[in-house]
1. Are there any trypsin sites (Lys or Arg not before Pro) in region 63-137 that are in a DSSP loop and have at most 12 other Cβ atoms within 10 Å? List them by number.
2. If I compute solvent accessible area with a 1.4 Å probe over the protein chains, what percent of it on region 1-121 is carbon and sulfur?
3. Given a 1.4 Å probe and the protein chains all in place, what does the accessible area of Asp16 round to, in Å² to the nearest 10?
4. With the convex hull built on the Cα atoms of region 1-49, state its orientation-averaged projected area in nm².
5. Can you give me the Kirkwood hydrodynamic radius for the chain, using every pair of distinct Cα atoms, in Å to one decimal?
6. Provide the descending list of Cα extents for region 86-186 along its principal axes, expressed in whole angstroms.
7. Rounded to the nearest 500, what is the chain's calculated 222 nm mean residue ellipticity when only DSSP H runs of at least 4 contribute -39500 (n - 2.57) each, over all residues?
8. Would you kindly state how much longer the chain becomes between Lys76 and Val149 on full extension, computed as 0.36 nm times their sequence separation minus their alpha carbon distance, in nm to one decimal?
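The values are calculated or read from the model by the stated rules, or taken from the named source; none is laboratory data. Owing to the predicted nature of the structure, the values given are computational and were not obtained by experimental measurement. Note that each Cβ is placed from the backbone with ideal geometry, even for glycine, and that neighbours are counted across all protein chains shown. Just the protein is used for accessible areas: all its heavy atoms, side chains included, with ligands, DNA and RNA removed. Shrake-Rupley method; radii C 1.70, N 1.55, O 1.52, S 1.80 Å.
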Amino acid sequence: MNTADCFATIEARFADWNYGHPKILHGLCRALRPQVAVEVGTYRGYAACYMSQALKENGAGHLYCIDDFSEGTQKKYNANHWQGNLVACGVSDFATLVIGKSSDVVWPDKVDFAYIDGWHGFVATMNDFAMCDERGAECICLDDATTTVGPMLLADEVRASGSWDVLELRRDCGLAVCMRRAARAR
C-alpha cells in the first residue's frame, strides 16, 4: 500500500476520532528515523498506524505499543481491534503490541523515540518518561500536556532540568515534544 492510500485508510478507519497528533508523530518519525520507537497507551492504534507508516517509509525501525486495554475498553477496543487496524493500513509488520501496564512489561533495551499517552497521572507519566530517558531516547512526546495535570507538570519539570528542549503544541489538548539537548558545535 502506498503512503497516500495508507493515509486515506487510516483516516477512514478513525473518522470518528480525529486529531492532529498522529500526523505530527509521523513527521517526527520520518525526520528522526528512530530504529526503536515506543508508544505508551496505544488504545485503537491511530497514532500507531501513522508512526508505523513513517517507519515503513524510512525502510527501517520498529514500534512497540504498550497498553493494558483497561478502563472499560476491553470489550470494544482490544488487542484484536488494534491488530485489525494496523493490518488494514498495511503497517502491521512495523509494530508489536505489548499487553500490560507500562510499569510491568519488559521494555526494549534501547528507545530512540517515544510517545507517552498512557495513564496521565504525574507519577505514571514521570515513570514512563524515565524508562525512555534511561534507554537513550532522543525525543519523547507527551500527550495532553496542556490540559492534564500529570503531563503538564512533567513537561514543566523536563524543561526546568536543562537537559531537554520542550516545544508545546497547544492544539488537541496539547502535545509536548521533548528533545534531548545536544551540545552545540563551536
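1. Listed in order of number, the matching sites are Lys75, Lys76, Lys110.
2. About 53 percent, which is the carbon plus sulfur part of the accessible surface.
3. Near enough 110 Å² of accessible area.
4. Its average projected convex-hull area is 3.8 nm².
5. 16.4 Å
6. In descending order, the Cα extents are 43, 35, 28 Å.
7. Computed ellipticity for the chain at 222 nm equals -12000 deg cm²/dmol.
8. Result: 23.5 nm gained on full extension.
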